[in-house]
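The values are calculated or read from the model by the stated rules, or taken from the named source; none is laboratory data. Model, not experiment: these values are computed from the prediction. Using ideal geometry, Cβ is built from the backbone for each residue, glycine included, and neighbour counts are taken over all protein chains shown. To get the accessible areas, we keep the full protein, side chains included, count just its heavy atoms, and leave off ligands, DNA and RNA. Shrake-Rupley method; radii C 1.70, N 1.55, O 1.52, S 1.80 Å.
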Amino acid sequence: MSFAPASDGAATVTVADEVAAALDAGRAVVALESTIVTHGMPYPRNLETALGVEDVVRASGAVPATIAVVDGRPRVGLAADELEKLAAGEGVAKASRRDLGALVAAGRSAGTTVAATMFLAHLAGIRIFATGGIGGVHRGAETTFDISADLDELARTPVTVVSAGAKSILDLPRTLEVLETRGVPVIGVGTDEFPAFFSRSSGLPVDHRVESAEELAAVIAAHHALGLPSGILVANPVPEADALDGTEIDAAIDEAVGDAERAGIGRRELTPYLLARIVELSGGRSLTANVALIRNNAALAARTAVALSRGTA
């Protein structure tokens, strides 16, 4: 199934048959991003994780819709061979919203960031999206102005993003301040504190707390019923068994940030570099935590999507 965005009709978005059928029937669908496949983890761990996350969504009663750009075509829902092509491919781009037109015109393939995934999910009519952590305000942004497009996308695109907070390589207090300014609610699930991605606590409060997927679905339903234009950021802490000690991971992040500064690494190369360096510094434990939190978020998103589709919210 294909359709064209209303803006100009030039670039079509292809929705996989399974995803389209579920949406037409009002069944639960969960969007999944693809930068974890293309830029977040080494091969073949990236492919194993992506397929495993799709399995988690299915086991929780929803249909997974992994989103990417494949040979110049925005895709909502990928076949296993397409996922493998992205996971093993060389020269696959990293696409935020701003990059989509250029990549489509050039016929290139790309993993989609949170911002691009939200945009394409909304075009397809998907209301909930599971990721690892969102981008945000980078450390030192008062001089670099390095602020992720994810924050503006959350402000203008009514898709709920289930995450383990913002990536802990970021300036979390400033990230939450920007979200507040943009009118994006931050909902903690079973927590009063904003999680710090690899660890369960940042010491920073969320805006509101719920205890279950059903309560979260009720918040989403009310948010949309009011016509509020923003998305919702869901803060779902990494499972306790897989969480890293906050002091230890902060030390690794500080070292990785210093390494990046000395190497002159910035902009879109910064986050992949920092995450890879932290894997090295943590002896691989940050990668294990990353996989665990993504699976945990996918399960919560699927249960919430099911509650929304059943009208139990």
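General observations
- Carbon/sulfur fraction of accessible area - the chain, other protein chains in place, 1.4 Å, %: 51 percent
- When each full DSSP H helix of the chain is screened for a Cα extent of at least 30 Å along its own axis and an average Kyte-Doolittle hydropathy of at least -1.0, the helices passing are 285-309.
- Alpha-carbon geometry of region 249-313: the Rg and the Dmax are 17.1, 53 Å, given in that order.
- For region 1-144: rounded, prolate or oblate by the Cα gyration tensor [a/c cutoff 1.5]: rounded
- Its Cα centre serving as origin, the chain has a Cβ charge dipole (Lys and Arg +1, Asp and Glu -1) of approximately 640 debye.
- Across the options Gly89, Val29, Gly52, the greatest Cα extent toward the positive end of the charge dipole of the chain (unit charges at beta carbon of Lys, Arg, Asp, Glu) belongs to Val29.
- In whole percents, the pair-distance distribution calculated for the chain from its alpha-carbon pairs, binned every 20 Å from zero, is 36, 60, 4.
- Size of charge dipole - region 1-112 - debye, nearest 20, with Cβ of Lys, Arg +1 and Asp, Glu -1, no other charges: 320 debye
- Inter-part distance, region 187-252 to region 101-174, computed on C-alpha centroids, equals 16 Å.
- Extension gain, Glu18-Glu48: 0.36 nm per intervening residue step, less the Cα-Cα distance, totals 8.7 nm.
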